[in-house]
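Student: The structure's right below; bear with me while I get my questions together.
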Amino acid sequence: MPAATFNGVVIAQATDDEVVIVEDNVYFPRYAVNPDYLQPSSHTSRCPWKGLASYYNVVADGATSDNAAWYYTAPFEAAREIQDRIAFWRGVEVQR
């Protein structure tokens, strides 16, 4: 079962058939991510084939990883499958 953990806290968990893997990143459905560990960030980035990404800071048990979660609210057609899903990096451990 895929899970995302930060600072010893599970922040996302879903079944294999609920996640989408793109470019070796696991995209969790929004309902599988605990919003208590996400803080909005003003950071954005642009991917030439996915579109504009927005970010969250991940905060758990006194530790923070800035811009460690990202999502696409309106991805380009080629990446439609990751719309409203959240992926992680920067210290967040993702197990497949």
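Student: Can you list the strands (runs of 3 or more DSSP E) lying wholly within the chain that have 1 or more residues being at positive phi and either surrounded by 15 or more Cβ atoms within 10 Å (Cβ to Cβ) or without any contact (Cβ under 8 Å) to a residue 40 or more places away in the chain (or both)?
Tutor: Hits in the chain: 51-60, 63-71.
Student: Hey, another quick one. Take the residues in region 68-95 that are farther than 13 Å from V22 by Cβ and charged (D, E, K, R); name whichever of them is farthest from the chain's Cα centre (by Cα).
Tutor: E77
Values in this text are rule-based calculations from the coordinates and carry no lab data. Owing to the predicted nature of the structure, the values given are computational and were not obtained by experimental measurement. Methodologically, a virtual Cβ is constructed for each residue, glycine included, from the backbone with ideal geometry; neighbour enumeration extends over all protein chains shown.
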